[in-house]
Amino acid sequence: MRIVDLSQRSPEWLAWRAQGVTASEAVVILGRSPYQTPWRLWAEKTGLCAPADLSQNPFVQRGIQCEDNARRGFEERHQTWLLPVCAESETHPLLRCSFDGVTETGEPVELKVPGQKTWDAIAQQGTESLAYGLYWVQVQFQCFVAEAERGWLVFDPVKSKVNPLEFEILRDTDFIEQKLVPVCLRFAEMMASGQAPTPDPARDYYVPQGEQQAAWQRHAQAYRRAEAEASRLEQALQAVKSRLREAQSGLVDLMGDYLLADQNGVQVLRYRQRGSVDYAALLTEIAPDLDAQVLEVHRRPSTMRVKVTLKDDPAAAEEGADAEQTVAVGEGNPSSRAKRRRRKEPEPAVDAVDATEGSSDEGDIIFGYF
C-alpha cells in the first residue's frame, strides 16, 4: 500500500476521501447496506445530493472520543502497536483506506464502539449479526489495500469489566478479486463519467430529467402558492373557532346545572360520553402471550401516505418558516384533513440510514469516517 500523509478528519482528508472509494463505502457499493443505496452514495460523491451531517450524532461523537482507548486496549491485549494511517492501493490508487490502526506486521484493525443494541446483537449472534456482516466487507477492503492476509474487527464498548468482542478475519481472495475490487472500480468509473447507478425507487430520490424538470417546477410552485393560501385560511379559521369556543363557554356558564337550553335559535345539549376502551391494555391483561401474527390477521389494509416538505426557495418561497404538510391518499380511508406544521429551522439533510432510513434497531451502526 502507499501511505498518504493526511490527518484524519481534516479538510484535506475529506477531499481525498471524496475523490476515491473508501473501505466504509464498499458495503454500500455492493448493495448490502440497509442504510444507504449505491445511487445515493454516488449522488453524494458527485455533488447531486448533500451528505447527511453526522457530526452531532451521539454514536459518531462517542466513537471519536473512545477510539484512542479502544486502540490502546487492542495494543495491550496483543502486545503490539497500532498506527492510524491513510493509504491507497498500490495497484488501484482510487481504492483508499483510513485505518483505525495497522499492526507491526501490516494487519488492519477496524475498531468499533457500538451502542447497546448493536453490542447485544453481536454478543448473541456473533458472525451472523448484521454489524459483523457489514463490517466484514470493510475489513476485506482493508486487507486488499494493506496487502494483508488477515485483519481484525473489534467491537469495544470501552466499559469497565466488559471484554471487547474480537473477530479475526482471514483474507477472502475470491471475494476480493471477483467481486469487491471490480465493483468498486466500476463505481469509481461512474463517479468520473457521471453515469449513475440504477436507483431504487423505494429508497432513492426521484430526480426529474428533461421536460419533467419544467413540469416539476410548475407543480412545485403551484403547491407553494396553494399551501400559502391554505395557511392564511387556516389561521382565519382558527380565529373563528376561538370565537366559537368563547361563545359556547359563555352559554354553558349561564346554564348552571341545566343540561338543555333552546333560546334565540340556539340549542345547547350537555351530555356525558363514555370513554373509549384501551384495547392495548386489555389485550396485555387477558392475553399477555398473544402471538403478534394473530393481530396481523385482523389488521386493516394499509394506506399510502404522502409527505410534502417545503424548503427554502429564494425564487418562490415566502419569507419565514418552512412548512410541512402530510396527506393520506390511495387505498383505505384517506384522512379528511391534512396535517400541517410550521417549523422555524430547515429540515436536516436526509440520509439513508440514514437512517432512516436509519430508523432501525441497528441505528447506531454509522457509516462514514470510521
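Counting only residues that are modelled with pLDDT under 90 and among the hydrophobic types (A, V, I, L, M, F, W, C), region 22-61 holds 7 of them.
Between a residue in region 271-291 that is of a type in the set (A, V, I, L, M, F, W, C) and any residue that is part of a loop (DSSP other than H, G, I, E, B), which pairs come within a Cβ distance under 9 Å, given they are 6 or more apart or on different chains? Close Cβ pairs (under 9 Å, with a partner that is part of a loop (DSSP other than H, G, I, E, B)) amount to LEU283/LEU290.
Mind checking which residues of region 165-176 are over 18 Å from ARG32 (Cβ atoms) and either surrounded by 15 or more Cβ atoms within 10 Å (Cβ to Cβ) or charged (D, E, K, R) (or both)?
Hits for region 165-176 are LEU165, GLU166, GLU168, ARG171.
Annotation: VAL268 fulfils all but one of (1) in contact with an Asp or Glu (Cβ under 9 Å, 6 or more places away or on another chain); (2) at pLDDT below 95; the unmet one is (2). The single condition from (1) modelled with pLDDT of 95 or more; (2) surrounded by 10 or more Cβ atoms within 10 Å (Cβ to Cβ) that SER193 fails is (2).
Of the strands (runs of 3 or more DSSP E) that lie entirely inside region 62-131, not one contains 2 or more residues that are at pLDDT below 95 and loosely packed, with under 14 Cβ neighbours inside 10 Å. If I filter region 247-265 for residues that are surrounded by 10 or more Cβ atoms within 10 Å (Cβ to Cβ), within 30 Å of LEU41 (Cβ to Cβ) and out of contact with any Phe, Trp or Tyr (no Cβ under 9 Å at 6 or more places or on another chain), do I get at least one hit? Scanning region 247-265, I find no residue that is surrounded by 10 or more Cβ atoms within 10 Å (Cβ to Cβ), within 30 Å of LEU41 (Cβ to Cβ) and out of contact with any Phe, Trp or Tyr (no Cβ under 9 Å at 6 or more places or on another chain), so the answer is no. Residues in region 298-321 that are modelled with pLDDT of 80 or more and in contact with a helix residue (DSSP H, G or I) (Cβ under 8 Å, 6 or more places away or on another chain) were compared, and the one that is surrounded by the fewest Cβ atoms within 10 Å (Cβ to Cβ) is VAL308. If the condition is being hydrophobic (A, V, I, L, M, F, W, C), part of a helix (DSSP H, G or I) and either surrounded by fewer than 18 Cβ atoms within 10 Å (Cβ to Cβ) or touching a Ser or Thr at 6+ places or on another chain (Cβ under 8 Å) (or both), then region 30-58 contributes only TRP39. If we scan region 205-227, do we find a residue that is surrounded by 10 or more Cβ atoms within 10 Å (Cβ to Cβ), among the aromatic types (Phe, Trp, Tyr), under 32 Å from the mean Cα position of the chain (by Cα) and assigned to a loop (DSSP other than H, G, I, E, B)? There is at least one residue in region 205-227 that is surrounded by 10 or more Cβ atoms within 10 Å (Cβ to Cβ), among the aromatic types (Phe, Trp, Tyr), under 32 Å from the mean Cα position of the chain (by Cα) and assigned to a loop (DSSP other than H, G, I, E, B). If the condition is being outside any strand (DSSP E or B) and under 27 Å from the mean Cα position of the chain (by Cα), then region 143-162 contributes ASP156, PRO157, VAL158, LYS159.
The values are calculated or read from the model by the stated rules, or taken from the named source; none is laboratory data. Since the model is a prediction, treat every value here as computed from it, not as a measurement. All Cβ positions, even for glycine, are placed from backbone atoms using ideal geometry, and neighbour counts span all protein chains on display.
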